[in-house]
Amino acid sequence: MRCKKIVMLLICSTLLILGCTNPALEHLELGDIYSEQEQWDEAIMEYSLAIELDPEEAMAYNNRGWAYCGTEEWDLALADFDKAIELDPQLELAYCNRGWAYCGKEQWAMAIADLNRAIELEPKLAEAYSNRGFAYCGKGLWDLAIADLNKAIELAPEDAVAYNNRGWAYCGMEEWDLAIADLNRTIELDPEDAMAYNNRGWAYCGMEEWDLAIVDFDKAIELDPEEAMAYSNRGLAYGGKEQWDLAMAYFDKAIELDPEFAEAYCNKGWAYNSIEEWDMAIADLHRAIELDPEFAEAYCDRGGAYNSLEEWDMAIVDLHRAIELDPEFAEAYCNRGYAYCGKGLWELAIADVDRAITLDPEEAMAYNNRGWAYCGMEEWGLAIADLDRAIELDPELSMAYSNRGLAYSGKKQWNLAMADFNKAIELDPKEAMPYSNRGWVYYEKEEWGQAMAEFNKAIELNPEFDGAYFGRATVYCVKRQDDLAIDDLNKVIEISSNPDLIQLAKEIIEELGG
């Protein structure tokens, strides 16, 4: 998320540099007045006239470059700052402003290099520290960002932009209370700063204070109705409230305002994932990646959608790319571990989930996934320990109860297993897996009718669930309904991606004479 325009760095030095005799002075002064009022087109016209009259005046190029920053015409701004620096290599404002233009293009390393030079030329230039702090935010270097923004505030205690940028850095560190304190100060200093409301809304989202977030996003939109990011963020807040229709409407509005806004497509993909519209999610996440091929979160979310479709290889490709782009991305390791579980690659799964837990020890799904992997390795005690932890962290995580029930089944502790499957179904009655698992408990207890009912329910909820067809086939075998068993086993062979299960189905069909 970008902060809005930095406080202008132009005007106070113009008269000192030009003196009273330069014919370009009148146009420069007018341009500065227009820039103060953010009347960028008029400012550009006046600066252009000044350049016409005095093509060697560095400040005219610098100021016009800043006006181009105001219209977000970054390449034109860079060309002007280049010229200003060519004419006056000691002009610290030009380096500072060119650094900001590189921020606008998200070319963070170039920005930092220019801002380093600005600070070298003028160590007390508060705006340079503020801009460099913002650039460090862009690179996710939060501690460096905070250090620079502390310095900017020390040099200019009334600079709203520096507080805004520090608030955003604290958001990046998930220090929500500190973020809100800084953003409150920003708003106190500049009540018309739309981005400060937007950023504070984001901090409230981090605290899951959805209603407070929405109030702030509403204010941001009131102040700047054309800012796509505020609509996208308001969509996220409504998603937090599980009001998906409203969330989708705001993502669509963000995309209408900015059809190249990758984050809005990613957020919309997240919403489709949340309502289990996997194909729609993949389409939006594909578009996000098309617009921003370096967007790690979009690869992670698309990998998650492929996991839900049990397209394990596609998931692993996406999640590998997410990790390549962001080696500290805990969720991507967690999701790739899940995909490895889906393929029965238990050791690879555990390695990934170990890494996820190292990066984020409070993530319930990571413990769930490692518990599932330990089930696959029949390490029932280790599985139960991890699944206990998953449930402790998130008592509403139905999958963790289902997997722990599976581990108790492995230990033949049927009553404990049944209690966990019942809890999983209570939490998520539309998930097929715990019905199938409960069917196996009834099978072990030789309660064939109950087992059949559970497998039927699992298949009703998920007609592509290979394990449920296999379970029902085993009941048909016991009941000597061989033709029905063979039909179900053939279905397993048709839909399953599990080679061991396919082989077992073929062997049983052969034994049945099919």
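Which order do Cys375, Cys334 fall in if you start with the one that has the fewest other Cβ atoms within 10 Å?
Working: Cys375 23, Cys334 27.
Fewest to most other Cβ atoms nearby, the residues stand as Cys375, Cys334.
Under a straight-distance cross-link criterion of Cα-Cα below 24 Å, which lysines are reachable from Lys151, leaving out those fewer than 8 residues away in the same chain?
Leaving aside lysines fewer than 8 places away in the same chain, those within reach of Lys151 are Lys4, Lys5, Lys124, Lys139.
Over all distinct alpha-carbon pairs, what is the Kirkwood Rh of the stretch 269-390 in angstrom? Don't skip to the answer; put the middle values down first.
On the way: mean 1/r = 0.0705 Å⁻¹.
Evaluated over the stretch 269-390, this radius sits at 14.2 Å.
Which pairs break 30 Å Cα to Cα here: Lys83/Lys219; Lys83/Lys268; Lys105/Lys219? Display every interim value, and only then the final one.
Numbers: Lys83/Lys219 39 Å; Lys83/Lys268 42 Å; Lys105/Lys219 27 Å.
The pairs that break the limit, which is 30 Å between Cα atoms, are Lys83/Lys219; Lys83/Lys268.
Please report the base-10 log of the normalised intensity I(q)/I(0) for the stretch 441-514, using a Debye sum with one equal scatterer per alpha carbon and no solvent, at each q in 0.19, 0.21, 0.25, 0.26 (1/Å).
With no solvent term, the Cα-only Debye profile gives -0.71, -0.86, -1.16, -1.22.
So how do Asp313, Asp482, Asp32 line up by other beta-carbon neighbours within 10 Å, fewest first?
Lowest count first: Asp313, Asp482, Asp32.
Expressed in nm to one decimal, what extension gain is obtained for the pair Asp354 and Val478 from 0.36 nm per residue of sequence separation less their Cα-Cα distance? Provide the component values of the computation, followed by the final result.
Values: separation 124, 0.36 × 124 = 44.64 nm, distance 4.13 nm.
Full extension of this stretch gives 40.5 nm more.
What ranking of Met377, Met365, Met110 emerges when the number of other C-beta atoms within 10 Å of each C-beta is taken as an exposure proxy, fewest first?
Working: Met377 14, Met365 22, Met110 17.
Final ranking by Cβ density, sparse to dense: Met377, Met110, Met365.
Could you give P(r) for the stretch 357-514, binned at 5 Å from zero, as whole percent values over all Cα-Cα pairs?
Result returned by the calculation: 2, 11, 17, 19, 19, 15, 9, 5, 2, 1, 0.
Angle between the Cα long axis of helix 142-155 and the longest principal axis of the chain, 0 to 90 degrees, nearest 10?
Tilt of helix 142-155: around 30 degrees.
Rounded to two decimals, what is Rg over Rh for the stretch 68-145 when you use alpha-carbon atoms and the Kirkwood radius?
Values: Rg = 11.6 Å, Rh = 12.1 Å.
We get a ratio of 0.96 for the stretch 68-145.
Label Leu53 and Lys105 with points 7 Å out from Cα along Cα→Cβ: what is the distance between them in nm?
That separation, rounded to one decimal, is 3.1 nm.
Of [x] -0.36, -0.44, -0.53, -0.64; [y] -0.37, -0.48, -0.58, -0.69; [z] -0.29, -0.40, -0.51, -0.63, which is the value of log10 I(q)/I(0) by the Debye sum over Cα atoms at q = 0.05, 0.06, 0.07, 0.08 Å⁻¹ derived from the coordinates here?
Matching the structure shown: [z].
Treating the angle as unsigned and between 0 and 90°, give the value, to the nearest 10°, between the Cα long axis of helix 330-342 and the longest Cα principal axis of the chain.
Rounded to the nearest ten degrees, it is 20.
Rounded to the nearest 500, what is the chain's calculated 222 nm mean residue ellipticity when only DSSP H runs of at least 4 contribute -39500 (n - 2.57) each, over all residues?
Numbers: 30 runs with 395 residues, N = 514.
So the helix-based figure for the chain works out to -24500 deg cm²/dmol.
On alpha-carbon atoms, Rg over Rh for the stretch 22-119 using Kirkwood Rh? Write out the running numbers ahead of the final one.
Numbers: Rg = 12.5 Å, Rh = 13.0 Å.
Reported Rg/Rh (Cα atoms, Kirkwood Rh): 0.97.
Hey, what do the phi angles of the stretch 115-125 turn into as Karplus ³J(HN,Hα) couplings, whole Hz, using 6.51/-1.76/1.60 and θ = phi - 60°, x for Gly and Pro?
Calculated HN-Hα couplings, in order: 6, 4, 5, 4, 5, 4, 6, 9, x, 10, 7 Hz.
So what's the gap between the Cα centers of the stretch 40-118 and the stretch 284-331, to the nearest angstrom?
Cα centres, the stretch 40-118 to the stretch 284-331: 37 Å.
Normalising by the residue count of the chain, find the relative contact order in percent from Cα pairs under 8 Å and 6+ residues apart. Walk me through the intermediate numbers first.
Values: 830 pairs, mean separation 23.6, N = 514.
It comes to 5 percent, rounded to a whole number.
Where a number appears in this text, it was derived from the coordinates with a stated rule and is not lab data. Only a predicted model underlies this, so the values are computations on that prediction, with no experimental measurement involved. Virtual Cβ from ideal backbone geometry, glycine too; neighbours counted across all protein chains shown.
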